[in-house]
Amino acid sequence: MPTLPSEPARGRAPYDLAVVGAGPAGLAAAVTAAELGLRVALLDAGPRVGGQYYRHPAPELGAARPDRLHHGWAVFARLRDRLRAQPRIDHLAGHHVWAAERGEPWRLHATLGPDAGDRVTVEAGAVLLATGAYERQLPFPGWTLPGVVTAGGAQAMLKAGLVLPGRRIVVAGSGPLLLAAASSLVSAGAAVPAVVEAGSYLGYARGVAALAANPAKLVEGAQHGTVLLRHGVRLRRSSAVIEAHGTDRVTAVTVARLDADWRPVPGTERRIGCDAVAIGHGLVPQIELATELGAATRTVPDGTVALAVDGEQRTSLPGLWAAGETCGVGGADLALAEGVLAAYAVAGRPAPRGALVRRRRRRAFAELMAAAHAPGVGWTDWLTPETDVCRCEEVPAGRIREAVEELGAGDARTVKLLTRAGMGWCQGRMCGAAVACLAGGPTDRPDSRPLSCPVPLAQLAEPPA
Amino acid sequence: MGRNPLDLVGAEPGPARTFTFDGRPVPALPGQTIAAALWADGVLAWRTTRVGGRPRGAFCGIGACFDCLATVNGRPNQRTCLLPAEAGDTVTTQEGHGHADLAV
């Protein structure tokens, strides 16, 4: 596997396939496609393959047992070995793809660093988007305090940097990632006084068939549960952190019971001391490279918007495939299966039956999970008028409500124009779900981000290669 | 079972390097980002916001939220959760947009 950190694509013949993202889906797709004879470019923003799920320490940290922070590490290790043995894949590390251009060939524009020359355009006959997801956040008073971090962020910093944000960490939000995060944190020596889950988990009971078809997912959940039990960690269901306390960093949280619509039940508040909070409400597919080109989407039962794909992982745009979380959040096993299926489809080969079966079962489980953890409408009761909803532009809930109730904004875009919510550095990735709820408009539209990540002006100004 | 992350994964890192944060030396293990080294040193905030002047540090840890921005070697708006810590780096708390020198 040649790794070409900065070699421009000028003068090279287009690749057969460019895969964007080297997490479970992208890695499986790239390796499979190359083994089927395709020449593949694997573009990834990270320094090492694995994406967020298989994020692991830099080799210089000398970790003898990185598997101890992972579920399914052996699967990743095998994929990495196949990648290393594969001469038909160029792994383009540190490439942040900021736009895709349709055509024959497709063109992917990537930025590698701050200087004018740190740009690359990669050409390929087909493109597979395996750009994964980022976390959904629901704001609450105090969520901008230092020490309040995302559950995935705590996981990422632990898996790659071997560090913790504090010694006593409350894990809160909704979704299976909370159990995985709490399990990692306690294994790494943190105390977790509570895992606070807003959902009831009763939603899973409605999907007995999907549960029965996915014993591995149940085992995975039970393994996390066992670790938590051993460390005396308590799971509080139908509860939420409704406030974080502190001045310059978090020192405690208030946890309350929630009713079925996620409204805090008065009188149930209790204070828990901590020096960090890890929060998250599931994941949001990262799909702007495709939606900016008009790719069709679907709304997942958890309220997020994902790319619509056919049985061969094709998007509505000819030449553009998608796999993994971009097609609806469903976890690593599903992503691996979809990556394999996409590779066979791009190569024009019949799909392997095993991957088809795994995709069907895991996708059914994912839809069940998404429904069980969909935010209840009452979560907005946590907000005070002063609570910052947009972290970047420091737009409080009161200003957003004013835009909706007094100025007549009926959707997130109008709220953004009136208040700047979602207009900052993160381009609405942190506040987008919350602003859409508060605006009350349609939530089935993907966020618009013409550039998928910040690009230095000097790179845009330079004529294309 | 390790009682800290390094023990958990049996890490045997090379010698730490040193960078400065607001003039104070901070150790970083080879391969750690600036944000990771600051967390290990007990520092959670290295930016103040443009409007309220409130402290912020790493939030998403994967380069998506931009809360972990700092001024690194004189260049503002660097995502410290992505940037490896190098020996001799000068990291300073970023105030607001980090371009106070351009103010008129």
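The values are calculated or read from the model by the stated rules, or taken from the named source; none is laboratory data. Since the model is a prediction, treat every value here as computed from it, not as a measurement. Neighbour counts are summed over all protein chains in view; Cβ atoms, including those assigned to glycine, are modelled from backbone coordinates with ideal geometry. Areas reflect the complete protein model, heavy atoms only, side chains present, ligands, DNA and RNA absent. Shrake-Rupley method; radii C 1.70, N 1.55, O 1.52, S 1.80 Å.
A probe of 1.4 angstrom, applied to the heavy atoms of all protein chains, finds A:GLU312 with accessible area near 80 square angstrom. The base-10 log of I(q)/I(0) for the stretch A:77-121, evaluated at q = 0.15, 0.24, 0.30 Å⁻¹, reads -0.55, -0.88, -0.99 [Debye formula, identical scatterers on Cα atoms, solvent excluded]. In the complete set of protein chains, residue-level accessible area for A:HIS245 is approximately 30 Å², probe 1.4 angstrom.
Taking every residue in B:51-57 and counting other chain Cβ atoms within 10 Å of its Cβ, the average works out to 5.
Descending by average beta-carbon neighbour count within 10 Å, the peptides B:61-70, A:422-431, B:42-51 line up as B:61-70, A:422-431, B:42-51, the highest first.
Relative contact order of chain B, taken over Cα pairs closer than 8 Å and 6 or more residues apart, is 28 percent.
Pull up the DSSP beta bridges for the protein assembly as shown and report the antiparallel fraction as a percent, rounded to 5. Given both bridge residues lie in the protein assembly as shown, the antiparallel proportion sits at roughly 55 percent. Counting every C-alpha pair in the stretch A:333-465, the share spaced more than 23 angstrom apart comes to 55%. Ligands, DNA and RNA aside, A:ASP310 has an accessible area near 70 Å² when probed at 1.4 Å. Scanning chain A for long hydrophobic helices, with DSSP H runs required to stretch 18 angstrom or more by C-alpha along their axis and to average at least 1.0 on the Kyte-Doolittle scale, returns A:332-346. Ligands, DNA and RNA are left out, and with a 1.4 angstrom probe the accessible area of the protein assembly as shown is 39 Å² per residue.
Note on the stretch A:107-167: with charges restricted to the Cβ of Lys and Arg (+1) and Asp and Glu (-1), its dipole about the Cα centre is near 240 debye.
For the protein assembly as shown, the carbon plus sulfur part of the accessible surface works out to 54%, probe radius 1.4 Å. A simple rule links phi to the HN-Hα coupling: the Karplus curve 6.51 cos²θ - 1.76 cosθ + 1.60 with θ = phi - 60°, which for the stretch A:201-209 gives 6, 5, x, 5, 5, 6, x, 4, 5 Hz, with x for Gly and Pro. For the residues of A:58-70, the average number of beta carbons from a partner chain within 10 Å of their own beta carbon is 6. By the equivalent-ellipsoid construction on the alpha carbon gyration tensor, the protein assembly as shown comes out with semi-axes of 32, 28, 26 Å, ordered largest to smallest.
Packing around the peptides A:379-386, A:135-142, taken as the average count of other Cβ atoms within 10 Å per residue, puts them in this order, highest first: A:135-142, A:379-386.
Per residue of A:389-395, other chain Cβ atoms within 10 Å of the residue Cβ number 3 on average.
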